[in-house]
Amino acid sequence: MTARPHGERTSPGMRLDIVSIFPEYFAPLDVSLIGKARERGTLDVRIHQLRDWTHDVHKTVDDTPYGGGPGMVMKPEVWGEAIDAIIAEGPAVGGVGAPAATPRIIVPTPSGRPFTQEIAQELAAEPWLLFACGRYEGIDSRVMREYGARMRVDELSIGDYVLAGGEVAVLVMVEAIGRLLPGVLGNVHSAVDDSFAPGAMRNLLEGPVYTKPPVWRGHEVPEVLLSGHHGKIARWRRDEALRRTVANRPELAAAIDPETLDKHDRKLLDELAFRVGPEDMAN
Ligand code: 6GU
């Protein structure tokens, strides 16, 4: 066994393939945290033009839906060729004759399961993800069936609204996943107290934040934050987190485990006339 200096990373990083008819959408992945991670090799992002796997002069990727209805559906053949080619260029596991490694396939769609912080964490632990961006009314369902028999395929939605295509949703997911990769965030603690990270503050939104100057356009920073009293600051922050969660996300506040609330929390929630836990306990 070789001794390694503390903190040195040996992780090979994550490979991320994205297939889309609009590769230009992914220019933002060249900048900021994700861009830096790519430069360092923590993230190997490969963006593919779906039309490269068409064979006709018009580079057709869609056709009318069986059964009728509005819009167009993405053809299965072109997706099959694209995904097969990407998997084929993937790293072989083991030696010659060993089965090829396969990516986890993510299909962004408003009909998918909700993409959550928990799913972001699960995906951040994978070595290889392939995002298949649909446009129009979606991808012929047999594509998901075909690959679902051989590898994990997840249809995921980023929220209850409809986008014109999966590209922006993939940008959202890649950023959420990317910032969780070891060494991507500058501050190792930043991802720990996220509003939706598991742990003590789970189901609580983060409260307001302030920096210098202490007075700006007549607005003062709350005095407690200048006090240097860490106990009082922590208490105040928790109060603000509770208030904000009740105001902005009552359904999250209602799901707080009453066991995680102390006397002070309960008094605050009482003042806000907010009940936590099972609805019909009192009646
Ligand atoms: Cl993942 N795709 C599209 N087209 N619209 C969405 C979405 C995804 N999530 C929410 N709306």
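Between Asp52 and Glu175, what's the calculated FRET efficiency when r is the beta-carbon distance and R0 is 22 Å? Round to 0.05.
The pair Asp52/Glu175 has a calculated efficiency of 0.30.
Give me the percent of DSSP beta bridges within the chain that run antiparallel, rounded to the nearest 5.
Of those bridges, close to 20 percent are antiparallel.
Rounded to the nearest percent, how much of the accessible area of the chain (1.4 Å probe, protein heavy atoms only) is carbon and sulfur?
54
What is the gain in length, in nm to one decimal, between Ala101 and Glu122 on full extension, counting 0.36 nm per residue of separation less the C-alpha to C-alpha distance?
Length gained, Ala101 through Glu122: 5.7 nm.
With +1 on each Lys and Arg Cβ and -1 on each Asp and Glu Cβ, and nothing else charged, work out how big the dipole of the stretch 18-103 is about its Cα centre, in Debye to the nearest 20. Display every interim value, and only then the final one.
Values: 7 positive and 12 negative charges, 65 e Å.
Using only the charged Cβ atoms, the result is roughly 320 debye.
Between Glu81 and Glu24, how high is the FRET efficiency from 1/(1 + (r/R0)^6) when r is the Cβ-Cβ distance and R₀ = 35 Å? Nearest 0.05.
0.95
Under 22 Å from the Cα of Lys59, which lysines turn up, not counting those fewer than eight places away in the same chain?
Hits, sequence-local ones excluded: Lys75.
For Ser111 paired with Asp63, estimate the spin-label separation in nm (one decimal), with each label point 7 Å from Cα along the Cα-to-Cβ line.
So the two model labels end up 1.8 nm from each other.
Rounded, prolate or oblate for the chain? Axes are the square roots of the Cα gyration tensor eigenvalues, ordered a ≥ b ≥ c, and the cut-off for rounded is a/c under 1.5.
Prolate, since a/c reaches 1.5 and a/b exceeds b/c.
Among Met144, Ala125, Ser111, flag the residue with its Cα farthest along the positive direction of the charge dipole of the stretch 110-152, charges on Cβ as +1 for Lys/Arg and -1 for Asp/Glu.
Met144
Can you tell me the 0 to 90 degree angle between the C-alpha axis of helix 167-178 and the longest principal axis of the chain, rounded to 10?
The answer is roughly 60 degrees.
Can you spot the lysines whose alpha carbon is less than 24 Å from Lys212's alpha carbon? Ignore those fewer than 8 places along the same chain.
Lys232
Could you put Trp216, Trp79, Trp53 in order of accessible surface area, largest first, with the 1.4 Å probe and the full protein assembly present?
Listed by decreasing accessible area, they come as Trp216, Trp53, Trp79.
Which aspartates and glutamates have a Cα less than 13 Å from the Cα of Lys36, not counting those fewer than 8 places away in the same chain?
Excluding near neighbours in sequence, the set is Asp44, Glu175.
Could you work out the helix-only [θ] at 222 nm for the chain, with each DSSP H run of four or more residues adding -39,500 (n - 2.57) and the total divided by the number of residues, to the nearest 500 deg cm²/dmol? It would help to have the intermediate numbers written out before the result.
Values: 8 runs with 82 residues, N = 283.
Helix contribution divided over all residues of the chain: -8500 deg cm²/dmol.
Label points 7 Å out from Cα along the Cβ direction at Leu272 and Glu259: separation in nm?
According to this spin-label approximation, the distance is 2.2 nm.
Could you pull out the trypsin sites (Lys or Arg not before Pro) across the stretch 42-92 that fall in loop regions by DSSP (anything but H, G, I, E, B) with no more than 15 other Cβ atoms inside 10 Å?
On the way: sites: Arg46, Arg51, Lys59; in loops: Lys59.
Sites meeting the loop and neighbour criteria: Lys59.
The values are calculated or read from the model by the stated rules, or taken from the named source; none is laboratory data. Model, not experiment: these values are computed from the prediction. Here Cβ is always computed from backbone atoms with ideal geometry, including for glycine, and neighbour counts include all displayed protein chains. These accessible areas exclude ligands, DNA and RNA; they are computed on the full protein's heavy atoms, side chains included. Shrake-Rupley method; radii C 1.70, N 1.55, O 1.52, S 1.80 Å.
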